[in-house]
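What follows is one structure encoded as structure tokens, with my remarks underneath.
The values are calculated or read from the model by the stated rules, or taken from the named source; none is laboratory data. Bear in mind that the values here come from a model prediction, so they are computed numbers and not experimental data. Because the Cβ atoms are built from the backbone with ideal geometry, glycine has one as well, and the counts that use them run over all protein chains shown. Surface areas here come from the heavy atoms of the whole protein model, side chains and all, with no ligands, DNA or RNA. Shrake-Rupley method; radii C 1.70, N 1.55, O 1.52, S 1.80 Å.
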Amino acid sequence: MRGALASAAAAAFLPAFLTRPAAAQEMPAGVGEAGRRTLIRGGHILSQDSAIGDFTGDVLTEGSRILQLAPQIDAPDAAVIDATGRIVMPGFVDTHHHQFETSLRSYLPNGIMFADPTRPGEPTYLDDILGIFSKLYRPEDVYIAQLFGGLSQLDAGVTTVHDVSQIHHSPAHSDAVIAGMQAVGRRGVFGYFEGYGPDLAYPGDARRLRDTYFASDDQLLTMLMGGEVYLPGVDPLDLWRLAQDLDLMIGLHVVGSLGMRETMDALIPHYTDKHLFIHMTGMSDAAWARAQEVGAHVSLAVPIEMQMRHGMPPIQKAIDMGMAPSLSVDVECTMTADFFTQMRGLMTVQRMMANQTALEQGPEAAPALMSVREAITFATINGAAGLKLDHKTGSLTPGKEADIILLDADALNVAPLNNAAGAVVTLMERSNVESVLVAGQIKKWKGAIVGHDIAALRNQIVASRDYLFETADVTVPLFD
């Protein structure tokens, strides 16, 4: 009884808003439709646009586009989204993600890329994921992996992805990749990379795909040409020339631990501003200088590069070269695909190396410590620029499309909010992503994905997983 009385007495001193349940706002109708204006009101805005800055205030959109940002906007005809206590910022941009591997999540938690004689019998990425599992995918397995993985990233605030699905075993597989990306309803770059088997149509099917699905760049999905340097019997310059003929970007993995340094040096004269170099570990100074000179882009996957023996993530090298690299999640068979993990990995690695230099050689010899704002820049506008999409997304700028996320800063793991950018990078995780808009349309509302039966999709991806493991004659290693 004394406990109950004490609780009642304590409650009497609490502010009124803490003693009654908050009323949940219903999802406003028509958001994102042509001509429909929406006011995101009262949020803590991280615009990622230096001309606009950061402040507490409003964002006004109309249809798919951003109209205005200001401390207060009068728009009586607009649908209203209450952003009080929320951080409002552009969605994250993932510049390299093998989405077909969603079905293989956490299968390779201790794995590295290639066989190591000190780890006999251990599965590896090249031997097991690409060498066995990837060759077993049917179009329906591709589709559900794309859809489920894409929705999962939307749930975590990633509104743009470059999908690197090395799963193009037939034109039907390629069509399934695109269908899955379309079903998610977020912005994406379809990366047309290699496949395996008798029905392989890569790279020749690139022209059909471009003409059928990507004849217009004024849509959520665009296309990039895979131009790897390691494919047997394929001259990478043939792939690069095909991409140039189709006016497409060129993406490729650049990994020093796989012996690519000499090949990349030989290709230096052919680097262009449409090249997306993934990882860029272990490359020569000449290769870096040429990449910087022509304006090629570098995509870093810091946790995976550390975990799977790609080589030291070249964070500082890119910074010292004056480049603006982006972040990417790479493979979910080994690591989560959320961007809070990516930003913390990026920042802690850079600061670890800089701090160690300061301790060993003195602070004057150490590079500048990365800030939380810089980490967010890597995760947003840098990625948009790297995919040639910064005219559409990556910042909250009038005229750009409304790819916007609302992050709960009143949540138990964040409140009280003392630094908005700091909270995003150092405190938050996917549960803080409350609402997500892509091209002005609500894709996640108050913690729940809109328009999809997640339970039914979960059953489908479990069935696909079961097929892949049974066909590979591999037991799901639940407790290994």
Once the Cβ-Cβ distance between Gln72 and Ala34 is put in as r, and R0 is 35 Å, what FRET efficiency do you end up with, to the nearest 0.05? 0.85
Provide the gained length on full extension for the span Glu364 to Thr212, in nm with one decimal, where the gain is 0.36 nm per separating residue minus the Cα-Cα distance. 49.1 nm
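At a 1.4 Å probe, what is the % contribution of carbon and sulfur to the accessible area of region 350-480?
53
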In the chain, with Lys and Arg counted as +1 and Asp and Glu as -1 at Cβ, which of these residues, Ala287, Ile178, Phe339, has the Cα nearest the positive end of the dipole, that is, farthest along it? Phe339
Of all chymotrypsin sites (Phe, Trp or Tyr not before Pro) in region 183-231, which ones are in loop regions per DSSP and have a Cβ with at most 10 other Cβ atoms within 10 Å? none
Distance in nm between Leu478 and Ile132 label points, each 7 Å along Cα→Cβ, equals 1.9
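Counting Lys and Arg as +1 and Asp and Glu as -1, what is the net charge of the other residues whose Cβ lies under 12 Å from the Cβ of Leu46? Intermediate values should be presented prior to the final figure.
Numbers: positive: Arg86, Arg373; negative: Asp49, Asp54.
Cβ neighbours under 12 Å give a net charge of 0.
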Summed side-chain charge close to Phe100 - residues other than Phe100 whose Cβ falls under 13 Å, Lys, Arg +1, Asp, Glu -1: -3
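Quick check: from the Cα gyration tensor, does region 115-247 come out rounded (a/c under 1.5), prolate or oblate?
On the way: a/c = 1.81, a/b = 1.20, b/c = 1.51.
Verdict is oblate for region 115-247.
For region 20-95, what is the accessible area per residue in Å², given a 1.4 Å probe and the full set of protein chains?
Working: 3510 Å² over 76 residues.
Computed with neighbouring chains in place, this is 46 Å² per residue.
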Sum of side-chain charges, Leu231 neighbourhood, beta-carbon under 14 Å (Lys, Arg +1; Asp, Glu -1): -4
Checking the cross-link filter: which lysines have an alpha carbon closer than 24 Å to that of Lys317, excluding same-chain neighbours under 8 positions apart? Lys274, Lys388
Where the centre of each part is set by its Cα atoms, how far does region 257-318 sit from region 422-480, in angstrom? 31
Percent RCO, i.e. relative contact order, over region 199-317, from Cα pairs under 8 Å lying at least 6 residues apart: 19
Need one word for region 333-480: rounded, prolate or oblate. Basis is the Cα gyration tensor (sqrt eigenvalues a ≥ b ≥ c); a/c below 1.5 gives rounded, then a/b vs b/c decides. oblate
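For a Förster distance of 41 Å, can you work out the FRET efficiency between the beta-carbons of Val450 and Ala289, rounded to the nearest 0.05? Intermediate results must be reported in sequence, preceding the final value.
Numbers: r = 47 Å, r/R0 = 1.14.
Working from the Cβ atoms, E equals 0.30.
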